[in-house]
Every structure is written in C-alpha cells, then in structure tokens.
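The structure under discussion appears below in the form of structure tokens.
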Amino acid sequence: MENNDIVAGFDNEKDESLKIKLQKADEAEGCLILFLSGYIDTYNSNYFQKRIQKAIESGFTRLVFHCGGLNYVSSTGIGSFTAFLKAVKPQGGDVVLLEIQPKVYEVFQLLGFSQFFNIKDDLTESINFFRSSPSTETESLFPKVFDCPICSKKLKALKAGRFRCSECKTILAIDNNAQVFLG
C-alpha cells in the first residue's frame, strides 16, 4: 500500500534527507506507524511537520514513530515531535517512539524530553500501548510527584492543568493521565 493510499497527498512533497513510509495499524483505531529514515534537522523539519500534520488531519492521532533508520535529530526535530504530541493529546491520541538509536535518544535526554514520550522497544508493544484502554480513575493518578524536566526539582501536581516550576520557572502542563509536558 502506498503512502498516498493511507493519507491522501502525503507523498506530494518529498525530501531526500528524510524518508517516511506509512503503515496503518489495524489492531488499534486511528493508529499509524511512520517508518523514518535519514535525519531531522532545521532544514527539513518544516517538511517533516507538514507531512505529519497531514496524517493527523486525516484522523491518525495515535502515532508510532519507528526511528530505527533515523540517525540524527536536532533540537528543532525534537521540537517537531513535541508539537505532534501537543496536537494529538487533546484528541485522545499519543505518540510512541520506537527503536531510537542511542545517539538520537541522547539528544532527547539532554534536552529533558525523554520522559514526555512513550519509548518502546518493539512494534507489538507499541501497538498494544494503544489497544489498552485508558484508566478512567484519574483520582488515583493524583497527586503526582515528578522531577522538573529542565532543572530536576521534585514537584507535586494535585490535579491536571498548567503550572510553573518553583525553581526554574518553566511552564509545565500535566494531563488527565498524569503525563507531564512543557507548557
């Protein structure tokens, strides 16, 4: 199946530095696997964002980025992944990163983003993440104690919402599943 058969117009634009192959995951509704190869940097991140936005607009809010062929991601590229997460979360979606190369993962860690993403080791585990029903018992998730992703200060959230780190003043958001994001 071609990319354009899954998301209309997906391949209307190409970039030689980043190849994206799409595969629907029929086991989980609205789930799309995106096989990435090449790199994501300042020069091609706009292309990357436009392609993924097209997929999100087509109803895919559960995104599995298969990163095994991705050999470099700049901070701008990490910003793109964060933007996707912000786009799909309000629609009940999420982002899973799969098979991240060690040097790419290191960039996520250095920038403090590794804890915002669901990182899995195999495709079955990634798809099953979307098959399990989310907990309706949000009360049991709060209060949530966690480390600020920027300064590592221990913080406590009593409920979902936006707030500021008392140490470094970074704006953070916490969703109903007690997942923390940059605000």
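The values are calculated or read from the model by the stated rules, or taken from the named source; none is laboratory data. Keep in mind the model is a prediction, meaning the values are calculated, not measured. FYI the Cβ positions are ideal-geometry reconstructions off the backbone, even for glycines, and counts take in every protein chain you see. These area figures cover heavy atoms from the full protein model, side chains too; ligands, DNA and RNA do not enter into them. Shrake-Rupley method; radii C 1.70, N 1.55, O 1.52, S 1.80 Å.
Residues in the chain average 53 Å² of solvent-accessible surface per residue, probe 1.4 Å, ligands and nucleic acids excluded.
Placing R0 at 25 angstrom, the Cβ-Cβ distance between Arg131 and Tyr43 gives a FRET efficiency of 0.10 after rounding to 0.05.
Using Cα-only point scatterers and the Debye equation, what is log10 of I(q)/I(0) for segment 65-116 at each q in 0.16, 0.17 Å⁻¹, rounded to two decimals? Each listed q corresponds, in turn, to -0.44, -0.49. Taking the longest Cα principal axis of the chain as reference, the axis of helix 75-88 is set at about 80 degrees. Computed from backbone phi with θ = phi - 60° and the Karplus coefficients 6.51, -1.76 and 1.60, the 3J(HN,Hα) list for segment 69-74 is x, 8, 9, 7, 9, 7 Hz; x is used for glycine and proline. Applying 1/(1 + (r/R0)^6) with R0 = 41 Å to the Cβ-Cβ distance of Asp11 and Gln115 gives a FRET efficiency near 0.75.
Calculated mean residue ellipticity, 222 nm, the chain: -8000 deg cm²/dmol, from DSSP H runs (n ≥ 4) at -39500 (n - 2.57) each, averaged per residue and rounded to 500.
Take the Cα of Lys103, step 7 Å along the line toward its Cβ, and report every residue of segment 38-55 whose backbone nitrogen sits under 15 Å from that point. Correct set: 38-41.
Given a Förster radius of 30 Å and the C-beta distance between Arg162 and Lys19 as r, what FRET efficiency does 1/(1 + (r/R0)^6) yield to the nearest 0.05?
0.25
About the Cα centre, and with charges only on the beta carbon of Lys, Arg (+1) and Asp, Glu (-1), how big is the dipole of the chain? Nearest 20 debye, please.
Numbers: 21 positive and 22 negative charges, 175 e Å.
About 840 debye.
Rg and Dmax of segment 26-134, based on Cα coordinates, read 12.9, 38 Å.
When ranked by the protection proxy of mean other Cβ atoms within 10 Å per residue, highest first, what sequence do the peptides 109-115, 175-181, 65-71 form? Mind dumping the intermediate values first?
Values: 109-115: 15.0, 175-181: 16.6, 65-71: 18.4.
With the highest mean Cβ count within 10 Å placed first, the list reads 65-71, 175-181, 109-115.
What the Cα atoms of segment 7-57 give is an Rg and a Dmax of 11.3, 35 Å.
Let a ≥ b ≥ c be the square roots of the eigenvalues of the Cα gyration tensor of segment 4-88; is it rounded (a/c under 1.5), or, if not, prolate (a/b larger than b/c) or oblate? Taking the square roots of the gyration eigenvalues as a ≥ b ≥ c, segment 4-88 is prolate. Derived value for the chain: Kirkwood hydrodynamic radius 17.1 Å. Basis is the mean of 1/r over every pair of different alpha-carbon atoms.
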